[in-house]
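To start, the structure itself, in structure tokens.
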Amino acid sequence: MSTKLSANPNTDFIAVPASRVSRTHKLVVTAMLGAVAFVLQLLEFPIPFLIPSFVQMDFSELPALLATFSIGPVSGVSVCLIKNVVKVIFKTTTGGVGELCNFLIGAGLVVPAGLIYRKMKSRKGALIGALAGALCMGVLSIPINYFISYPIYTAFMPLDVIIGMYQELIPSVNGLLSCLVIFNMPFTMLKGLLVTALCFLVYKPLSPLLHK
């Protein structure tokens with residue numbers, strides 16, 4: 001087994017297995033990116049001319065995508081899980097329902113991106129994977145919202161009120177499924193595309209931290 005000596009003068013003579021160093025680094029980076037994702041999730045903001053204001057934009061999938069490309073899809077999914085578990089503990093307003101849906105949609109981005117990038121280890125492969133992930137998370141947002149989010153939310157707000165908020169933007173929209181297809185799916189795909197663009201901008205500068 002290969003070994004790597006610690007640079008710490010107090011442990012210069014302790015041989016640390018390289019595989020263990022690698023595992024430790026992956027755990028540390030995943031935890032760190034999960035914490036950053038939690039903070040980014042708190043910085044959500046509405047885009048009222050695109051979608052009702054109760055659906056907000058954030059870039060908390062960015063650290064998950066960085067983890068996916070630098071470590072692997074399992075790390076990316078773990079980042080999605082960490083940020084939502086922490087939010088449930090400290091700052092949930094949905095009883096965990098919103099966080100569950102956010103986790104599922106985030107996993108819909110990073111899993112396809114990671115699997116495709118694993119087969120195509122190149123910048124082109126990363127781009128194709130991220131675009132596929134953005135499409136996947138947009139499509140997944142329909143059943144996730146239709147069967148999980150909105151059935152819970154309608155216990156607190158009547159469905160006709162929710163649909164009315166969509167109709168303020170497009171009066172002809174009718175029914176929850178139409179609202180999700182016309183508004184939520186493109187909005188979620190846009191979020192995935194923005195996260196992808198940010199990832200390609202910051203990945204190279206952050207690469208030494210992510211890999212070493």
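Among the residues of the range 182-196, the one identified as under 18 Å from Gly114 (Cβ atoms) and open to solvent by 50 Å² or more (accessible area, probe 1.4 Å) is Leu193.
The condition (being buried (at least 20 other Cβ atoms within 10 Å of the Cβ) and either of a type in the set (Val, Ile, Thr) or in contact (Cβ under 8 Å) with a residue 40 or more places away in the chain (or both)) is satisfied by just one residue among Leu50, Leu65, Leu100, Leu81: Leu65. Restricting the range 155-181 to residues that are more than 18 Å from Ser53 (Cβ to Cβ) and hydroxyl-bearing (Ser, Thr, Tyr), the residue that is surrounded by the most Cβ atoms within 10 Å (Cβ to Cβ) is Ser178. Just one of (1) more than 28 Å from Met165 (Cβ to Cβ); (2) open to solvent by 50 Å² or more (accessible area, probe 1.4 Å); (3) touching a Lys or Arg at 6+ places or on another chain (Cβ under 8 Å) fails for Lys26. It is (3).
To keep it simple, each residue is scored yes or no on (1) assigned to a helix (DSSP H, G or I); (2) at positive phi; (3) free of Cβ contacts under 8 Å to residues at least 12 places away in the same chain.
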site	(1), (2), (3)
Val77	yes, no, no
Val85	yes, no, no
Phe147	yes, no, yes
Leu169	no, no, no
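Anything in the range 47-75 that is assigned to a helix (DSSP H, G or I) and under 9 Å from the mean Cα position of the chain (by Cα)? List them, or say none.
Applying the first criterion (assigned to a helix (DSSP H, G or I)) to the range 47-75 yields 61-70, 73-75.
Within the range 47-75, Glu61, Leu62, Pro63, Ala64, Leu65 meet the criteria.
Within the range 113-125, identify whether any single residue is part of a helix (DSSP H, G or I), closer than 27 Å to Leu169 by Cα and either open to solvent by 40 Å² or more (accessible area, probe 1.4 Å) or of a type in the set (Lys, Arg) (or both), and answer yes or no. Please lay out each step first, then the result.
Taking the range 113-125 as the starting set, the residues that turn out to be part of a helix (DSSP H, G or I) are 113-119, 123-125.
Now narrow it down to the ones that are closer than 27 Å to Leu169 by Cα: none.
No, every residue in the range 113-125 fails to be part of a helix (DSSP H, G or I), closer than 27 Å to Leu169 by Cα and either open to solvent by 40 Å² or more (accessible area, probe 1.4 Å) or of a type in the set (Lys, Arg) (or both).
The values are calculated or read from the model by the stated rules, or taken from the named source; none is laboratory data. Just so it is clear, the structure is predicted and the values come from calculations on it, not from any experiment. Cβ coordinates were reconstructed from backbone atoms using ideal geometry, including for glycine residues, and neighbour counts include every protein chain displayed. These area figures cover heavy atoms from the full protein model, side chains too; ligands, DNA and RNA do not enter into them. Shrake-Rupley method; radii C 1.70, N 1.55, O 1.52, S 1.80 Å.
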